[in-house]
Each structure stands twice: as structure tokens, then as C-alpha cells.
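Everything on this sheet refers to the single structure shown next.
None of the figures in this text is laboratory data; all of them are computed from the coordinates on show. Being a predicted model, the structure only gives us computed values, none of them experimental. Positions of Cβ are backbone-derived with ideal geometry, glycine not excepted, and every protein chain shown enters the neighbour counts.
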Amino acid sequence: MISQEKLQKILSNLKAQEGVRGVVVTNMDGLPLSSDLDPETTENVAAIITSLVGKALDAVRELREGSLSFLTLDTTKGQINIAPDVNEGLILVVLKNNE
Amino acid sequence: MKRCSGIMSDPKAFDRILTEIIRQDKGVKKVILVDKTGLTIANVSKLSYYPVDVDSIGAIASAVFCASEEQGKNLQIGELEIVPSEFAEGKIFASACGKGVLCVVSEAEVNIGLIRLVMKKQGVQLADELDKFLAVEPLSPKESELDEEDLKSALAELERV
């Protein structure tokens, strides 16, 4: 299990990147563990992204494509980068603005 | 004597909203809407053969929710939103929706965040529908007023006794 100190360091490094407008860490139950967004957005992001990751994991398993390592959503506002860690039971979500 | 007010409730609205909730996550098995006295208003199941006593589940969920609500009032910690009950092989969530309680029965492995979100979102719609469904108002005084002749005959009747 990753230590809280190490996690906070990684998150602050990510937040310092240009264009990053939010970083959320959630567990596989869709409950947010850490976020720099407002509570409502955090809850939405955690719940919906976890649901999406669940579907992506199912798809990868059904297609026998190994294991899921990363997901990227390109939107008109920017990008949503999703890094699930099934072993740790955590999902890292980074919201980025268009450059 | 009571009568329905002008706003009519769509009889299928509850089923439509509850079905919307059950479709959100594959782990959701049953959704029940009860009033705060524990009476079942509507329910939907994912599997028609899922053998549960809906009325009893709903009544207990309502009682648990109202008990927790009372705790919150005593502690002055604001309005109660959701009561999750986690079991080894499943979960039960109860949330406020206006004059009712929304109860979701799910498997153990379920996206809790999504269920919370959906219950809050659909809870607002259910509260509106419940308000329409339970909207009753007493007859206006004009309609229920006895006219003078009725009063006179009633008095005459009394005098005879």
C-alpha cells in the first residue's frame, strides 16, 4: 500500500504540471480518497470514472487483451487521463485543459 | 374529506425513475420506494425471480433511515442523506427523497460512489413525483359549509330529542 506522504508528493507534482486543472484519486468502489476539486465535482468524477474503468476492465478481459493500464478521453475541453491500479485498488484521474 | 389537487401524478413515473436507477450498475438487484411510515409505493427488480419480501425490506429500510435521522436531529448534525448498510454478500442503501425513502439493494461488489450519485440525483425527481402523488388538500370552507336550512333542520331535530 502506498504511503500517504508518497501519494501527496506524487499529487503535488502532477498538480504543478501546466494545464492540469484537477487530480482525483479514487478507490475501486467509486469513493474519492484525495482531490483538489470541489466536493461535488470530485464525487461526480470518482463515481463516473470508476464506472467507466469497470466497463473498460470487463472489455479488456472479454477480449483477452491482457490487463488495462491506461485510459485517455479526449474532449473539447481537454483530456481526462485515467490510470487504474487494480492490484492497489486505486484509480488516478487527471483532468487537463486544452493547450 | 380530502380531494386531489390540480397537479396530477403520472402513475408510471415511479417505475420509470426506479428503472433508471436499477440500470446504472449491474450490481443493483432491487430498488424500492417507501413512504416514511414504511408503506411500499413502488419497486423494481433486476431479476423477476429474486425472492424477497419487498414490503418487509422497505419497511425496515424506512425504519432504519428514520432512526438514523432522529440521531442526526439529536446531535444537530444536519439532514440525513444516505444510510449504507454493508453485509458480507450485499449492500443496502437508504436515502431521503422528500416525503419518502429510496432503498437500493445490491451485490457486495458495487460502485458505491455511483450508487450514491444516482440516488441523490434521482432522489430529487422522486421527491417531486411523491409531492404530486401525495398532494391532497381539504375541501375549501365554501364547499363544505352547511347552508342555513341544514342548520335549522338540525336544530329542530335536537329540540325534538
Top-ranked residue of the stretch B:18-50 - restricted to ones that are within 14 Å of another protein chain (Cβ to nearest Cβ) and free of Cβ contacts under 8 Å to residues at least 12 places away in the same chain, ranked as nearest to B:I92 (Cα to Cα): B:K26
Some residue of the stretch A:44-61 being farther than 24 Å from B:V110 by Cβ and among the basic types (K, R): no
Flag for A:E99 being away from every other protein chain (no Cβ under 12 Å) and more than 12 Å from the chain's Cα centre (by Cα): yes
Meets criteria (within 21 Å of B:K121 (Cα to Cα), out of contact with any His (no Cβ under 9 Å at 6 or more places or on another chain), free of Cβ contacts under 8 Å to residues at least 24 places away in the same chain and surrounded by fewer than 19 Cβ atoms within 10 Å (Cβ to Cβ)) for A:E40: yes
Residue in the stretch A:75-94 that is exposed (fewer than 13 other Cβ atoms within 10 Å of the Cβ), farther than 30 Å from B:E86 by Cα and not basic (K, R) present: yes
Checking B:P84 against (1) within 14 Å of another protein chain (Cβ to nearest Cβ); (2) free of Cβ contacts under 8 Å to residues at least 12 places away in the same chain; (3) not hydrophobic (A, V, I, L, M, F, W, C), the condition it does not meet: (2)
From the options A:V23, A:V93, residue that is more than 14 Å from chain B (Cβ to nearest Cβ), farther than 21 Å from B:G27 by Cβ and under 9 Å from the mean Cα position of the chain (by Cα): A:V23
Residue satisfying condition, being at negative phi, within 14 Å of another protein chain (Cβ to nearest Cβ) and not aromatic (F, W, Y), within set A:L71, A:L63, A:L57, A:L11: A:L57
Some residue of the stretch A:57-69 being β-branched (V, I, T) and either outside any helix (DSSP H, G or I) or in contact (Cβ under 8 Å) with a residue 40 or more places away in the chain (or both): no
Residues that are hydroxyl-bearing (S, T, Y) and within 18 Å of B:K26 (Cβ to Cβ), drawn from the stretch A:40-90: A:T50, A:S51
Subset of the stretch B:75-114 (residues that are β-branched (V, I, T) and closer than 14 Å to B:I32 by Cα): B:I92, B:V101, B:V104, B:V105
